[in-house]
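One structure below.
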Amino acid sequence: MNIIRMSSDDLVPAHDSNYVDVGLLALLDDLSYGDPLILKGPKGSGKTLAAEQWCSQNGVPMVRENCNSGTDESNLIGSFGMQGEDVVFSLGALPLAIETANDVGACVLVLEEVNTLRPQVQSTIFSVADYRKSVEASFLGRRFELAADSLLWVLGTMNPGYSGTYQLNEALRSRFDFVEVLYMPEKKERELLESTFTTPPDVKERRIAAGLLQFAAESRTHDWTYALSTRDLVNTVHKYEKVGLDKALKILADKFDPEHRSAIAARVQSVFAINLQEVSLYGS
């Protein structure tokens, strides 16, 4: 029986030349390959992106598991399947990270939204996140273990505000350090937005960036059930360049629940002088 896994070369993230570092990369440098670490903060605040950029900067493979309430042992450890007429076993994220580290000397395992794992699944991570640095694949009759001269760093991300999340059990919480990652300072977020335009921004586009930042700041303090993330703002700049500001803002406003639409429309009118009720995304 063959064991299927991704090539280590394919796991090193690409460098993002537009990434704006707020000091998180230096902290990751200081903490690297130490205790497992969870980056905790709101959606779109750059938690996963920081891990990607750190791995890219250091040429380290990154194995990522997008956790959710449906994640189970087959996702984390692996599962059987067919390849032609042959039975194969595809490695899950945990043994893949260990095998990758053993092959090239180091690997970072990123468990995204780790607090969406059901409590009975959280225990699957224990042996990778503590001194054992191993995982048992009982259905294979095999144990995957980190070599003495290899490095594996386990990172998690979590957004406590998401629906469908669970409390991390004490055993898992005790294995990780926690670092809170907040939204960028306004100056850095402005720099990022202005660098997102495909050409150097003119006066109008700098005003658009300033307006988006103002709108985002209000969404993060008002009870609108949704707070605009840095990712939302970057995506809106991209849409502005494709479909214009009125339609880009209409798409952005539709992220909010219906009961807040009138308040959102009023703020868009105030900040951008655009009446969303007159904006149609399609048709005449």
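Bear in mind these aren't lab numbers, they're just calculated from the coordinates by the rules spelled out. Predicted, not measured: the structure shown is a model, and the values here were computed from it. Cβ atoms come from the backbone with ideal geometry, glycine included; neighbour counts cover every protein chain shown.
As a calculated quantity, the FRET efficiency between ALA266 and THR221 at R0 = 22 Å, using C-beta atoms, amounts to about 0.90.
For the residues ASP72, ASP246, ASP202, a GNM of the chain with alpha-carbon springs under 10 Å puts the largest fluctuation on ASP202.
With the alpha-carbon atoms as the only input, what is the per residue convex hull volume for segment 2-180 in Å³? List each step's numbers first, then the result.
Details: hull volume 22.4 nm³, N = 179.
Enclosed volume per residue, from the Cα hull, is 125 Å³.
Compute the FRET efficiency between ASP103 and SER17 as 1/(1 + (r/R0)^6), taking r as their Cβ-Cβ distance and R0 = 25 Å, and round to the nearest 0.05. Don't jump to the answer; show the numbers that get you there.
Details: r = 28 Å, r/R0 = 1.14.
Given R0 = 25 Å and the Cβ-Cβ separation, E is 0.30.
Between 0 and 90 degrees, the angle of helix 47-58 with respect to the longest Cα principal axis of the chain falls at about 60 degrees. If a spin label sat at a point 7 angstrom from the Cα of PHE80 along the line to its beta carbon, the backbone N atoms of segment 137-167 nearer than 17 Å would be those of 137-143. Annotation: for a label point projected 7 angstrom from Cα along Cα→Cβ of ARG231, residues of segment 90-134 with backbone N closer than 16 Å are 110-116.
The calculated FRET efficiency for ASP10 paired with LEU281, based on their beta-carbon distance and R0 = 35 Å, is about 0.40.
Going by Cα centres, segment 108-181 and segment 204-249 are how many Å apart? Each part reduced to its Cα centre gives a spacing of 35 Å. In the frame of its principal axes, segment 186-278 has Cα extents of 37, 27, 19 Å, reported largest first.
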